[in-house]
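Note sheet for the following structure.
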Amino acid sequence: MNQTVLLPGGAGFIGSHIAAELLDLGYEVVIVDDLSNARPDVIDRLEKISGRRPVFYQADVADRSALDRVFTENRIDAVIHLAGFKAVGESVQKPVAYYRNNLDSTLTLLETMATHGVKKLIFSSSATVYGAENPVPYTEDMPRGSCTNPYGWTKSMIEQILSDACVADPALSVVCLRYFNPVGAHESGLIGEMPNGIPNNLMPYITQTAAGIRAELSVFGNDYPTPDGTGVRDYIHVVDLAKGHVAAIDYVNQHTGWEAINLGTGCGTSVLELVHAFEKVNGVPVPHRIAPRRSGDLAFCYANVDKAARLLHWHAEKSVEDMCRDAWHWQENAKNL
Ligand code: UFG
């Protein structure tokens, strides 16, 4: 019997790529998503990619009776929890909404899992939990730092909640996957990142600028202590990231307790390096100018990826060029979807 994996928040950018990998590998996939930041036709597109249709519930993960129905109607083996608000800037404007939504959905999920005896959980965490205090490359044994925004704090708090839950229930198995900067898209061009309004993140801003939707990209600061003065990040192809989740399912199936694991490439790329790689691989210009620093940004953020290799037997395989090519393919293809 194939394993059934529940993806709360599974219709979004990262969740849809995980769903595509799981469907391809023969897992049964159940998605619960309120579609607050995803389109309903993503389910059709997943079916187009894999030839199999995930079970889909349109519901808020914090809706206890809706979630209970999902667990009653499906025999869930493991959960990959991706539901949550994720816009850093918006979280500063609406902190209470972020704490309410991200913590509530997690607590409701944990309670419902307990009621139904489900013990395997993978949580969508973020490199942001390292805060500003730790030196790069980040290793998982570093203490979580002070986050610069409420979004980051929700990730840090949820990690703590999950760690406490594992102490109380020795049968629980939780892996918090700390994502670095997921970019790119599925090579089919059928799923990818679809930000509402003006993108906050660099890659969708680059693709929209290349497509002429935005006039020019603002490069936030060129006076950081980095080789070319612009911010350095660990960009990871979303398909590699999705494969890291599949590896984490194997891990939670064989272990109990709480672990945090970085999902990155271990390599840093600056804003200008990414812009130039994108222009070169796709043959399109990305008009850009230097702008002031964005508040809360760090000079460097990249992972030590040894723990993922050791525990998950996983490492990222795709290059920055792959990320740029697939992001552009998606941007061009999404016009017709
Ligand atoms: N940048 C620009 N111009 C833009 C957008 C971004 O120059 O228009 C720069 C930023 O200053 C930064 C880099 O591009 O140096 C990456 O910025 P992103 O907004 O794409 O990503 P961040 O590293 O700021 O944030 C990401 C995730 C967050 C997560 C954080 C820390 O989006 O969810 O990493 O792990 F919290």
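The values are calculated or read from the model by the stated rules, or taken from the named source; none is laboratory data. For clarity, every value in this text was computed on a predicted model and none was experimentally measured. So basically every Cβ, Gly included, is an ideal-geometry build from the backbone, and we count neighbours across all protein chains shown.
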- Message: Can you tell me which condition GLY117 does not meet? The list is (1) buried (at least 18 other Cβ atoms within 10 Å of the Cβ); (2) of a type in the set (Gly, Ala, Ser); (3) on the phi > 0 side of the Ramachandran plot, and all the others hold.
- Response: (1)
- Item | Selection count where residues are among the hydrophobic types (A, V, I, L, M, F, W, C) and assigned to a loop (DSSP other than H, G, I, E, B), scope the range 207-217 | 3
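Yes or no, residue by residue, for (1) modelled with pLDDT of 95 or more; (2) polar (S, T, N, Q); (3) farther than 30 Å from THR112 by Cβ; (4) away from the ligand (no atom under 14 Å from the Cβ):
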{"residue": "ASN200", "(1), (2), (3), (4)": "no, yes, yes, no"}
{"residue": "THR207", "(1), (2), (3), (4)": "yes, yes, yes, no"}
{"residue": "VAL219", "(1), (2), (3), (4)": "yes, no, yes, no"}
{"residue": "ASN222", "(1), (2), (3), (4)": "yes, yes, yes, no"}
{"residue": "ASP228", "(1), (2), (3), (4)": "yes, no, yes, no"}
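From PHE300, PHE278, grab the single residue that is within 10 Å of the ligand (Cβ to nearest atom), among the aromatic types (Phe, Trp, Tyr) and touching a residue at least 24 places away in the same chain (Cβ under 8 Å).
PHE300
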- Query: In this structure, does ALA97 turn out to be touching a residue at least 12 places away in the same chain (Cβ under 8 Å), under 25 Å from ASN181 (Cβ atoms) and in a helix (DSSP H, G or I)?
  - Reply: yes
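Hey, among the residues in the range 218-237 that are of a type in the set (S, T, N, Q) and part of a loop (DSSP other than H, G, I, E, B), which one's farthest from PRO182 (Cα to Cα)?
Taking the range 218-237 as the starting set, the residues that turn out to be of a type in the set (S, T, N, Q) are 218, 222, 226, 230.
Now restrict to residues that are part of a loop (DSSP other than H, G, I, E, B): 222, 226, 230.
On the way: ASN222: 23, THR226: 21, THR230: 19 Å.
For the range 218-237, the residue satisfying everything is ASN222.
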- Taking the range 248-271 only, how many residues are more than 15 Å from the chain's Cα centre (by Cα), more than 9 Å from the ligand (Cβ to nearest atom) and either over 22 Å from SER16 (Cβ atoms) or not acidic (Asp, Glu) (or both)? 14
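In the range 152-206, which residue that is in a strand (DSSP E or B) and among the hydrophobic types (A, V, I, L, M, F, W, C) is surrounded by the fewest Cβ atoms within 10 Å (Cβ to Cβ)? Can you show your working first?
Pass one, the range 152-206, residues in a strand (DSSP E or B): 173-179, 181-183.
If we keep only those that are among the hydrophobic types (A, V, I, L, M, F, W, C) too, we end up with 174-177, 183.
Values: VAL174: 26, VAL175: 26, CYS176: 25, LEU177: 23, VAL183: 27.
Restricting to residues being in a strand (DSSP E or B) and among the hydrophobic types (A, V, I, L, M, F, W, C), the top hit is LEU177.
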